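What follows is a single structure, written as structure tokens, with notes after it.
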Amino acid sequence: MKFRKCFKHALNMVLHSKLRSWLTIIGIIIGVAAVIAIVSIGEGMQQSIEQQMGSLGGDILTISAGYSRGGSMFGRGRMRGGSTQATGKEVIMGRADLQALKGLADIALIDINIRGQVDISYQGKSGSLSLTGVDQKVWADITTEEIKEGRMLGSADQNVVIIGGTLADSFFSKPVGINKMLTIQNKAFRVVGILDGNSRNIYMPLQMAYQILENKQNGIYDSIIVKVKDEERLDNTIAKIESKLMLVRHVTEKKKDFTISSSKKIMETRSEMMGSINAFLLAIAAVSLIVGAVGIANTMFTSVLEKTKEIGIMKAIGARNKDILTIFLMNSIIIGLVGGLLGVLLGTILSESMAALIGDVRFMRGGTIVTLNSVLMALSVSVTVGILAGFIPARKASKLKPVDALRHD
Amino acid sequence: MKPVLLDLENVWKIYQMGEVEVPALKGVSVQIKKGDFVAIIGSSGSGKSTLLNLVGCLDIPTKGKIVLKNNDISKLSESDLASLRGKTIGFIFQQYNLLPNMTAFQNVLLPLELQEMSDHDARKQAEKVLKLVGLDTHMRHLPSQLSGGQQQRVSIARCLAANPEIILADEPTGALDSITGKEVMELLEKLWKEEGKTIIMVTHDLHLASYAYDKIELKDGKVVENNK
């Protein structure tokens, strides 16, 4: 029989057992939709990470006191100066460290940060926020923040602050504009710049921050931010800083009491981690696809059993084994393909709505992305599943002896 | 001398029932020539169904030789045998055996599709044979929408579609009342007389057998009467 005719008869078979075909198709739909949704979320996360990476400044390193030995997965190097080691002795970042870093040729710029929680008020409304004191001479060159309005900190600045976009727009009942006065720990500061992006950060000159933050001592830093000269040699530079600081701080590799973190490296780690989470989720989705495949095989076996007599009739009137095999195989391929197509559709809808549901969450800013690749992959997988699951039943059907098949009721 | 279409030489068919071997046919030799109208008769258990299966090339013998149009069917591959069967033998079954999900027309078309006839020719041929059996008005009906006699006529049309030399009828009127049964038999007779078909009919009904020109009677797996 011609292939076209086999297809026609296969389609006829699918259409004449609608309920069973649909139930089987649903199994495939679920599997494919799950795979599509998960892959698209994964793609979205990956893209959002890549975007963040692009804006991060790969040449910036943050050095802080304290060392977490397990290495937390999301480690952002936020250990405060003054965190304590198991020995009970306080570890700090201080002038000695700064001097040591200044001696390194691989470093282009060095900024010093201290951080603390402050009470802030504006036109009668107040709140508690985190404040960062920065070295105003280099901060403008080293930070990845960008000014939306106003200007960066200058070296002559004293009682001024730069605030994040959200803080300016919506933290207080009225928006805070340029040159407005904010009260921080009962001292007045003039806003000279507003940052782009959704943050509530407050930046001010380091010396002012020391006055404001009572528990901070002059000469002790929360973190030292450095900009390396050559981003290509980042690993090398990190190693150099590490050995230099170990020397200055009189610690060995084992007793290391500081952390050097690179946003680039963190992002890379995060990206890798996302990759493995995705692979895991994909494996789960794949299981449902396998269940769908078993469903096809089951349906096809039932179908062969039910159609035994018809197979016998067809053989009696001249159907070859090949014809029967093709018809049954086409039947399961049709089920697989229809399931695949609808699965792609459902998966796309699912991933779109999932992006809407989750909303503005970190790592999901890229939304979900259904790529042509994943669609093609899903379709070819569902067809393959149809072939694999349909092959044994189809073969069984084709091998039936006409005389036995005809006798079957 | 008419040419021999089908030649059974000392054919045995032995079924394995667990430990026991049950011989259904014990050395049957039959020759069917072109233009014969043969009735194979016998009571149930005489081996006539087995003989029908072998004559129809649906099964191969345990021992002995069956030659269909100069082809030893034991030596053909399954696919070749199916093709040869499709071209040479048309089946008419007691229970019609139409495919329930296809219309009368599609049922008649099926053997032609199996033989990869072109769509145009196949449609023409199917219409022609349906007209021949007087069902050209019911072509779009499903088998379930047709009476028993009509269904049997569709099955005759299907058997004629591929223009086979041999028509093999297994109790063709077994499920029909006597009037429609008679019509079906008259149709077969007409095909034999006017179209020159070779007809082999299996029946236990002696009255039906009287339509046939020759009779082969089976008893306990052996031919007891052959008036050919």
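The values are calculated or read from the model by the stated rules, or taken from the named source; none is laboratory data. Just so we're clear, the structure is a prediction, and the values are computed from it rather than from any experiment. No Cβ is skipped: glycine too gets one built from the backbone with ideal geometry, and neighbour counts run over all protein chains shown.
Brief remarks follow.
- Which numbered condition A:VAL403 misses (of (1) closer than 30 Å to B:LEU114 by Cα; (2) more than 14 Å from chain B (Cβ to nearest Cβ)): (2)
- Residues of segment A:117-132 that turn out to be within 15 Å of A:THR166 (Cα to Cα) and either touching a Lys or Arg at 6+ places or on another chain (Cβ under 8 Å) or not assigned by TED's automatic domain parsing to the domain that holds A:ASN201 (or both), as a count: 4
- Restricting segment B:67-80 to residues that are touching a residue at least 12 places away in the same chain (Cβ under 8 Å) and in a helix (DSSP H, G or I), the residue that is farthest from the other protein chains (Cβ to nearest Cβ): B:SER74
- Among the conditions (1) more than 17 Å from A:ASP111 (Cα to Cα); (2) surrounded by 14 or more Cβ atoms within 10 Å (Cβ to Cβ), the only one that A:LEU206 does not satisfy is (1).
- Unique residue being within 14 Å of another protein chain (Cβ to nearest Cβ) and free of Cβ contacts under 8 Å to residues at least 60 places away in the same chain when the list is B:ARG123, B:ARG140: B:ARG123
- Residues satisfying the stated conditions in segment A:215-248, i.e. within 18 Å of A:ILE112 (Cα to Cα) and assigned to a loop (DSSP other than H, G, I, E, B): A:ASN215, A:LYS216, A:GLN217, A:ASN218, A:GLY219, A:ASP222, A:LYS229
- Filtered by the rule that a residue be of a type in the set (S, T, N, Q), part of a helix (DSSP H, G or I) and either more than 7 Å from chain A (Cβ to nearest Cβ) or on the phi > 0 side of the Ramachandran plot (or both), segment B:81-106 gives B:THR88, B:GLN106.
- When segment B:18-49 is filtered for residues that are within 14 Å of chain A (Cβ to nearest Cβ) and modelled with pLDDT of 90 or more, the ones remaining, listed by number, are B:ALA24, B:LEU25.
- Among the residues of segment B:192-217, those identified as among the hydrophobic types (A, V, I, L, M, F, W, C), surrounded by 21 or more Cβ atoms within 10 Å (Cβ to Cβ) and closer than 18 Å to B:GLY90 by Cβ are B:ILE199, B:ILE200, B:MET201, B:VAL202, B:ALA212.
- Leading residue by the ranking (surrounded by the fewest Cβ atoms within 10 Å (Cβ to Cβ)) among those in segment B:107-120 that are of a type outside the set (Ser, Thr, Tyr) and more than 8 Å from every other protein chain (Cβ to nearest Cβ): B:HIS120
- Per the listing A:VAL176, A:VAL138, the residue uniquely within 19 Å of A:GLN207 (Cβ to Cβ) and surrounded by 13 or more Cβ atoms within 10 Å (Cβ to Cβ) is A:VAL138.
- Close Cβ contacts (under 7 Å, 6 or more residues apart or on different chains) running from residues in segment B:7-31 that are closer than 10 Å to B:GLY221 by Cβ to residues that are in a strand (DSSP E or B) and among the acidic types (Asp, Glu) comprise B:ILE14/B:GLU21.
Rundown of residues vs (1) under 30 Å from A:GLY336 (Cα atoms); (2) crowded, with 16+ Cβ neighbours inside 10 Å, yes/no style:
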site	(1), (2)
A:LEU247	no, no
A:ASP257	no, yes
A:SER262	no, yes
A:GLY275	yes, no
A:ALA297	yes, yes
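- Residue in segment A:19-29 that is within 14 Å of chain B (Cβ to nearest Cβ) and outside any helix (DSSP H, G or I) present: no
- Residue within segment A:314-328 that is surrounded by fewer than 24 Cβ atoms within 10 Å (Cβ to Cβ), more than 14 Å from every other protein chain (Cβ to nearest Cβ), at negative phi and not small (Gly, Ala, Ser) present: no
Residue-wise test of (1) in contact (Cβ under 8 Å) with a residue 40 or more places away in the chain; (2) basic (Lys, Arg).
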{"residue": "A:ARG151", "(1), (2)": "yes, yes"}
{"residue": "A:GLY154", "(1), (2)": "no, no"}
{"residue": "A:SER170", "(1), (2)": "no, no"}
{"residue": "A:SER173", "(1), (2)": "yes, no"}
{"residue": "A:GLN185", "(1), (2)": "yes, no"}
{"residue": "A:ARG190", "(1), (2)": "no, yes"}
{"residue": "A:GLY193", "(1), (2)": "yes, no"}
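- Considering B:ALA169, B:ALA209, the condition of being modelled with pLDDT under 90 and of a type in the set (Gly, Ala, Ser) is satisfied by B:ALA209 alone.
- Taken as a whole, the structure places A:VAL344 among residues that are assigned to a helix (DSSP H, G or I), more than 14 Å from every other protein chain (Cβ to nearest Cβ) and at pLDDT 90 or above.
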